[in-house]
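Notes for the one structure printed next.
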Amino acid sequence: METECCKICGNDQQNKLHQIKEMQLGLRNVFTYLECYKCGCMQLLEIPLDLGKYYPNDGYYSFNRGLDLRAKADKLRTIKGSYLIYGKNKLLGNLLSIGYKTPDYYSWIRNAGVQYQDALLDVGTGNGSLLLDLFKIGFTNLTGIDPFIDKDLKYGVVNIYKKSIFETEGQFDYIMLHHAFEHMDEPLKVLHKLFKILKKEKYLLIRTPVMGGYGWKKYGLNWMDLDAPRHIYIHTLKSMQLLAEQAGFELRKTIFDGNYISLIGSDQYAKDIALPDPNSYMVNKVASGYSKKDIESFKRINLQNDKDGESDQASFYLFKP
């Protein structure tokens, strides 16, 4: 039966329509999404004209992360980072790393072979907290963009601009989209632009929710990572592969990296508890009713999902040949 057409693969047969509520801000507005029968991509049918209201600078999480402002890189952190990322300064680096919980961003740098002097671009950077973390371990050529911040920001050598990817020029050695790609309309056009500003034989990292994993199977329309209407596209492994090839990239590596918080949020949504509600785990852990045992269970499930390739989120390393 012919239905609405998928914007990714063009399929118009047997696609499903879903009504999904906004729950991150607790507005509970309902939005219509299409789930493609062929490539599996979930996509918002009509993007609100006032989409900016769903990204309040005083309420949206990526604009309110803690900032570690420094005039210069931390020498000991740089030594530790050079050991954990590149295997250098082994003696002192090993000593400094004892009992240290390695941040996720170390692997994002290591997996793409990024060097200290490389030009890095963080797309959808929010208030720039990740770039500041990279600065304190020795990276200096750091740029961020985000169309939803109030104004341009500058923290020493870290420059953050209120602009979209299509307003961005220059050439970069490494481009990162940490849970930003799903917020963008016309994903193929976005990838073509990213291909243009990425240097040859360099990597683009896209970290994004993926359809079809544990969260979708268990919670369905209450799955937190649907995040209507901010998530315009929620891709599958198949739709990401398709887009990467069409844009000229080679999809070299896919790593599942789910977050147990997504499972907690989904479980709450299934009980009609929005993220900012008084009894939300993110607002009041005690009032939420989740015990320490419950949280540990969510964590174990998430780790197992990563191992099994069933996580709700993944990192895609796209190489420009």
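The values are calculated or read from the model by the stated rules, or taken from the named source; none is laboratory data. Nothing here was measured: the structure is a model prediction, and the numbers come from that model. Virtual Cβ from ideal backbone geometry, glycine too; neighbours counted across all protein chains shown.
What to note about this one:
- Long-range neighbours under 6 Å by Cβ, at least six apart or interchain, first residue of a type in the set (Lys, Arg) within the stretch 93-112, second surrounded by 15 or more Cβ atoms within 10 Å (Cβ to Cβ): Arg110/Ile85
- Members of the stretch 281-321 found to be farther than 27 Å from Ile206 by Cβ and in contact with a Phe, Trp or Tyr (Cβ under 8 Å, 6 or more places away or on another chain), listed by number: Tyr281, Ser288, Tyr290, Ile295
- Of the residues making up the stretch 276-321, those that are among the hydroxyl-bearing types (Ser, Thr, Tyr) and within 30 Å of Tyr174 (Cα to Cα) number 3.
- Within the stretch 1-49, being among the basic types (Lys, Arg), more than 19 Å from Leu237 (Cα to Cα) and in a loop (DSSP other than H, G, I, E, B) holds for one residue alone: Arg28.
- Of residues in the stretch 280-308 being surrounded by 14 or more Cβ atoms within 10 Å (Cβ to Cβ) and small (Gly, Ala, Ser), the one farthest from Gln24 (Cα to Cα): Ser297
- Some residue of the stretch 201-210 being acidic (Asp, Glu) and touching a residue at least 24 places away in the same chain (Cβ under 8 Å): yes
- Hits in the stretch 154-184 (condition: assigned to a strand (DSSP E or B) and either surrounded by fewer than 18 Cβ atoms within 10 Å (Cβ to Cβ) or in contact with a Ser or Thr (Cβ under 7 Å, 6 or more places away or on another chain) (or both)): Lys154, Asn159, Ile160
- Candidate set from the stretch 50-72 (those that are outside any helix (DSSP H, G or I) and modelled with pLDDT of 70 or more); member that is surrounded by the fewest Cβ atoms within 10 Å (Cβ to Cβ): Asp50
Residues checked against (1) in contact with a helix residue (DSSP H, G or I) (Cβ under 6 Å, 6 or more places away or on another chain); (2) hydrophobic (A, V, I, L, M, F, W, C); (3) more than 27 Å from Phe256 (Cα to Cα):
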site: Lys101; (1), (2), (3): no, no, no
site: Ala119; (1), (2), (3): no, yes, no
site: Ser129; (1), (2), (3): no, no, no
site: Thr140; (1), (2), (3): no, no, yes
site: Gly144; (1), (2), (3): yes, no, no
site: Asn159; (1), (2), (3): no, no, yes
site: Lys163; (1), (2), (3): no, no, yes
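- Flag for Asp227 being surrounded by 18 or more Cβ atoms within 10 Å (Cβ to Cβ) and charged (D, E, K, R): yes
- Out of Leu221, Leu191, sole residue that is at pLDDT 95 or above, aliphatic (A, V, I, L, M) and surrounded by fewer than 16 Cβ atoms within 10 Å (Cβ to Cβ): Leu221
- Any chance Tyr269 is surrounded by 18 or more Cβ atoms within 10 Å (Cβ to Cβ), in contact (Cβ under 8 Å) with a residue 24 or more places away in the chain, farther than 22 Å from Ser107 by Cα and not polar (S, T, N, Q): yes
- Criterion (over 29 Å from Arg28 (Cα atoms), of a type in the set (Phe, Trp, Tyr) and buried (at least 20 other Cβ atoms within 10 Å of the Cβ)) met by exactly one of Phe316, Phe256: Phe316
- Annotation: of all residues in the stretch 113-150 being under 21 Å from His179 (Cα atoms) and either of a type in the set (Phe, Trp, Tyr) or over 21 Å from the mean Cα position of the chain (by Cα) (or both), the one that is surrounded by the most Cβ atoms within 10 Å (Cβ to Cβ) is Phe135.
- Test: residue in the stretch 91-106 that is crowded, with 18+ Cβ neighbours inside 10 Å, more than 21 Å from Arg207 (Cα to Cα) and either of a type outside the set (Asp, Glu) or at pLDDT below 95 (or both): yes
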